[in-house]
């Protein structure tokens, strides 16, 4: 029976031959996460997010909401009105939409109308985060897509409440109109913030290349 290392030392003293056990490395060196790999992974996610955001924008605003005008007598959906709307338009729309049309609008808001701002917001947070090093500036730019997500999701709820209310509520109309306009404005400024972030990231990379 083989002796344990302790038994060998007790019998032979300092001259005891204690076998050395070499454990295999836990981490595979071939899978080391380099900055280049991390950047490539971020780029893949960014491209996927951009493609998904473009598709969902097209699907919501250029396809489904446009198709719903066939159920409203040609009246546009509130989501598409960049300049907002007034109680007169809201009343016309409420009278034109039947229960089925309201249900379809609500379904769009709960599905693609929710996915678009969420995916866009996540993509823009990643875009800004990977290109802007200064913490204060990064948070300032991050606030724009975050506010867009809040405004867009809140507008969905406000519009559904407006068209489904038994009677026209001027306060609901004003809130839905304000959130719709805010959503469009924040979308535009978020796009500008993303462009500024890319510009800053490229300029930092050029300056880093000059110093090396």
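The values are calculated or read from the model by the stated rules, or taken from the named source; none is laboratory data. All figures in this text were calculated on a predicted structure; none of them were measured in a lab. In this analysis, Cβ positions are derived from the backbone assuming ideal geometry, glycine residues included, and neighbour counts consider all displayed protein chains.
Can you tell me how many residues within the range 91-120 are assigned to a helix (DSSP H, G or I) and over 23 Å from the mean Cα position of the chain (by Cα)?
First, the residues of the range 91-120 that are assigned to a helix (DSSP H, G or I): 91-96, 99-110, 112-120.
Checking which are over 23 Å from the mean Cα position of the chain (by Cα) leaves us with 91-96, 99-104.
Total satisfying the criteria: 12.
In the range 150-171, what residues are closer than 14 Å to residue 186 by Cβ and surrounded by 23 or more Cβ atoms within 10 Å (Cβ to Cβ)?
Taking the range 150-171 first, the residues closer than 14 Å to residue 186 by Cβ are 150-155.
152, 155, listed by residue number.
Could you list, in sequence order, the residues of the range 60-90 that are over 17 Å from residue 158 (Cβ atoms) and part of a loop (DSSP other than H, G, I, E, B)?
Selection gives 72, 73, 74, 75.
Answer yes or no as to whether residue 183 is in a helix (DSSP H, G or I) and modelled with pLDDT of 95 or more.
So residue 183 fits the description; yes.
For the range 150-191, give me each residue that is under 16 Å from the mean Cα position of the chain (by Cα) and farther than 24 Å from residue 110 by Cβ.
Matches in the range 150-191: 188, 189, 191.
Assuming residue 73 fulfils every condition listed in (1) in contact with a helix residue (DSSP H, G or I) (Cβ under 7 Å, 6 or more places away or on another chain); (2) exposed (fewer than 13 other Cβ atoms within 10 Å of the Cβ); (3) closer than 14 Å to residue 168 by Cα apart from one, which condition is it?
Result: residue 73 fails condition (3) only.
Residues of the range 109-139 being buried (at least 18 other Cβ atoms within 10 Å of the Cβ) and under 22 Å from residue 66 (Cα atoms), which ones?
Answer for the range 109-139, where residues must be buried (at least 18 other Cβ atoms within 10 Å of the Cβ) and under 22 Å from residue 66 (Cα atoms): 109, 112, 113, 116, 117, 119, 120.
Could you go through the range 147-165 and let me know if any residue there is under 17 Å from residue 195 (Cα atoms) and either touching a residue at least 24 places away in the same chain (Cβ under 8 Å) or not in a helix (DSSP H, G or I) (or both). Show your work before the answer.
We begin by selecting, within the range 147-165, every residue under 17 Å from residue 195 (Cα atoms); these are 148.
If we keep only those that are either touching a residue at least 24 places away in the same chain (Cβ under 8 Å) or not in a helix (DSSP H, G or I) (or both) as well, we get 148.
Looking for residues that are under 17 Å from residue 195 (Cα atoms) and either touching a residue at least 24 places away in the same chain (Cβ under 8 Å) or not in a helix (DSSP H, G or I) (or both), one finds at least one in the range 147-165, hence yes.
Kindly indicate the residue of the range 166-180 that is in contact with a helix residue (DSSP H, G or I) (Cβ under 8 Å, 6 or more places away or on another chain) and outside any helix (DSSP H, G or I) and also nearest to residue 98 (Cα to Cα) among those meeting that condition.
168
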